[in-house]
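The values are calculated or read from the model by the stated rules, or taken from the named source; none is laboratory data. In this text the structure is predicted, and so the values were computed from the model without any measurement. As a convention, Cβ positions derive from the backbone with ideal geometry for all residues, glycine included, and neighbour counts pool all protein chains shown. Just the protein is used for accessible areas: all its heavy atoms, side chains included, with ligands, DNA and RNA removed. Shrake-Rupley method; radii C 1.70, N 1.55, O 1.52, S 1.80 Å.
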Amino acid sequence: MTGADAPTRKRSAVRSLLRLWPYVRPVRRRLAWAAVVAVLASCLSLVIPLVLKWLVDGPVAERDPGGVWLGALYLLLLGLAEAALFGLRRWLVARPLAGVEAAMRDDLYRHLQRLPVAFHDRWPSGQLLSRGTTDLMLLRMFLAFPLTFLLVNGVTILVGFVILLQQQWSLGLVLLAPAVPLVVLCSLFESKYALVARRSQDQVGDLTTVVEESVLGIRVIKGFGRHRSQARAFRELSLTLRGTELVKARLLAGIWATITALPELAIGAALVLGTVQVADGGLSAGTLVAFLSTALALRWPVESIGFLLAISQDAATATERYFEVMDAPQETEGVAPPSSPVAAGRGGMVFDAVEFRYPDAPEGTPPVLARVDLHVRPGETMALVGATGSGKTTLTALVPRLHEVTGGRITLDGQDITAMPRERLRELVSVAFEEPTLFSASVGENVLMGAGGGPGEADLERALDTAQAHFVHRLPEGAATQVGEQGLSLSGGQRQRLALARAVVGRPRFLVLDDPLSALDVHTEALVEAALRRVLADTTALVVAHRPSTVLLADRVALLSGGRVTAVGTHQELLRTSDEYAWLMSGAGDGGAGDGRAAAGKGDTA
Ligand SMILES: Nc1ncnc2c1ncn2[C@@H]1O[C@H](COP(=O)(O)OP(=O)(O)OP(=O)(O)O)[C@@H](O)[C@H]1O
Ligand SMILES: [Mg+2]
């Protein structure tokens with residue numbers, strides 16, 4: 001359910017948190033200063049009881065009003081100094097920690113962009129989203145607060161107890177008594193809380209996934225009237241999360257109650273004992289006042305420990321979840337086997353015994369592509385035809401290396417694609433996918449994404465023209481019109497034409513189109529085809545096609561069947577020689593209509 005392979009092994013919170021060091025390193029000085037300031041401020045609060053003691057045993061006992069005023073002034077100054085120091089601490093950490101959070105988020109985003117498509121196939125997007133938001137916020141909270149205060153409170157408690165033991169060691173020991181059970185309880189709490197924290201954060205990820213999917217799929221949900229069942233599914237998940245949060249709260253309430261009650265009992269006992277000692281004359285009233293106010297000043301540092309441990313545990317879990325993503329291996333540049341010189345003339349796009357199996361395919365299933373041999377000659381346009389689910393999309397994804405072949409190889413103009421730097425490969429090859437995704441940017445920006453270095457207005461116009469995307473000029477602001485998230489404000493065919501324009505704008509050497517014209521009417525399709533012919537004249541192209549009208553754009557056609565290319569030839573040849581091809585083309589209605597156009601095209605030029 002978590003999407004990630006959540007580690008069930010026992011892990012150490014400290015070890016997880018130590019992984020934050022590279023990010024904390026640049027701000028370590030600031031954090032150290034902030035800790036020093038906080039320790040100072042906290043210790044100042046321990047000086048207050050000492051002034052009280054002086055006040056009670058001195059000016060108050062001697063009925064000296066001047067002395068009392070002076071004492072009050074000291075107390076006021078101490079209080080102000082404490083407040084100012086805590087303020088200074090806050091100021092010291094705020095900016096650097098916001099920087100740490102931003103740097104971590106940046107790294108996560110950059111890493112996500114470089115993870116292979118297979119990773120994204122496997123991970124629900126909500127899990128990634130929640131790691132980039134909730135988890136990082138928890139980490140910043142931890143660095144700002146518990147990290148410092150676990151230290152500060154530890155030092156304060158130590159110094160406080162030294163003062164207590166010095167003033168009256170017997171009373172001090174009474175207060176120390178609950179320490180042992182408290183430590184045991186805290187470590188028990190830690191291990192229980194760690195499990196629940198992980199569960200809760202994973203459930204936040206699942207919830208995010210549902211929200212994201214239902215927002216993206218809102219049309220389907222409404223169209224099928226599924227909003228009720230969708231809301232029910234959401235409510236169930238959110239109730240589960242609520243349950244987990246309640247378990248967390250119960251654990252926290254338990255530890256908080258114990259951590260508060262035990263010291264209170266000890267302070268009560270010390271108060272009774274101390275009063276008896278004062279009555280016996282063994283202890284001055286001032287010392288008892290000082291003792292008790294020191295003990296009370298230590299209450300917050302002690303009580304807060306449960307809460308600080310809880311946040312630290314949340315942060316350790318968040319760190320783990322963050323690094324689960326960061327540790328996923330990025331796309332490798334890949335080292336090609338010592339490249340056997342490809343025979344001259346084997347230019348173009350060559351699939352050589354290509355085999356591919358999805359990494360998450362169940363054991364024992366046959367690979368999607370078993371052994372694909374195909375040669376698209378330089379400057380040729382090859383149509384790829386096959387039944388639905390035969391692996392056409394998969395094959396096209398292998399060329400820009402969205403997935404890595406699991407056997408055989410693909411060469412472009414004789415160069416193995418795994419031997420090329422990815423950047424070079426993606427300069428050479430342009431793609432348009434089945435799903436034309438547009439980003440929330442202007443039409444122009446969406447199209448120009450397809451080109452590398454500085455293509456201009458002219459290239460944009462040419463690309464829009466090629467894709468017959470003349471509708472762009474009728475948009476309110478032309479190519480500067482913003483299209484919504486996923487370009488939902490455009491029709492399917494319009495989006496498809498923009499995706500096509502994006503694919504051709506950079507005048508790529510190689511073009512891979514996955515059924516680029518499926519949403520167009522036959523007349524627009526014919527216009528696009530004619531324009532593409534001009535553009536594709538010196539481009540080597542592989543075009544997935546379902547309709548005869550799209551096939552006619554191509555010089556030759558390859559039939560993909562059973563994980564292999566079983567036939568290659570012109571449309572006419574395949575119609576004659578391949579029953580499967582004839583069958584695939586027959587249902588589409590205009591099987592014969594395009595014959596004339598095929599002949600009018602480039603023909604079999606290669
Ligand atoms: N990410 C994936 N993980 C595992 N299997 C997948 C994945 N994507 C596709 N497949 C499987 O691979 C096979 C080929 O799918 P592919 O999308 O390549 O078919 P296609 O020929 O493009 O079909 P269509 O004509 O419907 O677009 C299908 O059986 C599909 O179930
Ligand atoms: Mg497909």
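Listing for the model above:
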{"read-out": "Helix 227-280 axis, angle to the chain major axis (alpha carbon atoms, nearest 10°)", "value": "20"}
{"read-out": "Overall form of the stretch 93-136 per C-alpha gyration tensor (a/c, 1.5; a/b vs b/c)", "value": "oblate"}
{"read-out": "For the chain, the spread of Cα positions along each principal axis, largest first, Å", "value": "119, 57, 52"}
{"read-out": "Value of [θ]222 nm, deg cm²/dmol, for the chain, DSSP H segments ≥ 4, -39500 (n - 2.57) each, nearest 500", "value": "-19500 deg cm²/dmol"}
{"read-out": "Check: the chain dipole with +1 on Lys, Arg Cβ and -1 on Asp, Glu Cβ, in debye", "value": "1060"}
{"read-out": "Pairwise FRET efficiency - residue 481 versus residue 28, Cβ, R0 = 56 Å, nearest 0.05", "value": "0.70"}
{"read-out": "Heavy atoms of residue 529: accessible area, 1.4 Å probe, square angstrom to 10", "value": "10"}
{"read-out": "Label-point separation in nm, residue 249 to residue 423, each point 7 Å along Cα→Cβ", "value": "5.3"}
{"read-out": "Lys/Arg +1, Asp/Glu -1 at C-beta; the stretch 190-336 dipole; positive extreme among 240, 271, 297", "value": "240"}
{"read-out": "Spatial separation of Cα centroids for the stretch 42-69 and the stretch 550-580, in angstrom", "value": "99"}
{"read-out": "Å² of accessible area per residue within the chain, as computed with a 1.4 Å probe and no ligands counted", "value": "49"}
{"read-out": "Extension reserve of the residue 121-residue 228 stretch, reckoned as 0.36 nm per residue once the Cα distance is removed", "value": "35.7 nm"}
{"read-out": "Longest to shortest principal axis, alpha-carbon extents of the stretch 240-381, angstrom", "value": "109, 34, 26"}
{"read-out": "On Cα atoms only, tilt of 492-504 relative to the major axis of the chain in degrees", "value": "80"}
{"read-out": "Residue 518/residue 353 FRET efficiency (R0 41 Å; Cβ-Cβ; nearest 0.05)", "value": "0.85"}
{"read-out": "Degrees separating the helix 285-297 axis from the principal Cα axis of the chain, which is the longest one", "value": "10"}
{"read-out": "Förster radius 41 Å - calculated FRET efficiency between residue 106 and residue 240 (Cβ-Cβ, nearest 0.05)", "value": "0.80"}
{"read-out": "Counting DSSP beta bridges with both ends in the chain, the antiparallel % (nearest 5)", "value": "50"}
{"read-out": "For the stretch 437-578, share of DSSP beta bridges that run antiparallel, in % to the nearest 5", "value": "55"}
{"read-out": "Expected-Rg normalisation [2.2 N^0.38 Å, Cα atoms] applied to the stretch 145-272", "value": "1.70"}
{"read-out": "The stretch 345-390 shape via C-alpha gyration tensor axes, a/c threshold 1.5", "value": "prolate"}
{"read-out": "Solvent-accessible area, 1.4 Å probe, carbon plus sulfur percent, for the chain", "value": "62"}
{"read-out": "Convex hull volume per residue for the stretch 384-473, taking Cα atoms only, in Å³", "value": "152"}
{"read-out": "Segments 177-188, 418-429 sorted - mean Cβ within 10 Å per residue, highest first", "value": "418-429, 177-188"}
{"read-out": "Peptides ranked, highest mean first, by Cβ atoms within 10 Å: ranges 259-265, 192-198, 71-77", "value": "192-198, 259-265, 71-77"}
{"read-out": "Top positive-direction residue, dipole computed over the chain with Cβ charges, set 69, 546, 33", "value": "69"}
{"read-out": "Bins of 10 Å from zero: percent of alpha-carbon pairs in the stretch 48-162", "value": "11, 24, 20, 16, 12, 8, 5, 2, 0"}
{"read-out": "Lysine pairs in the chain with Cα atoms under 25 Å, if 8 or more residues apart or on separate chains", "value": "4"}
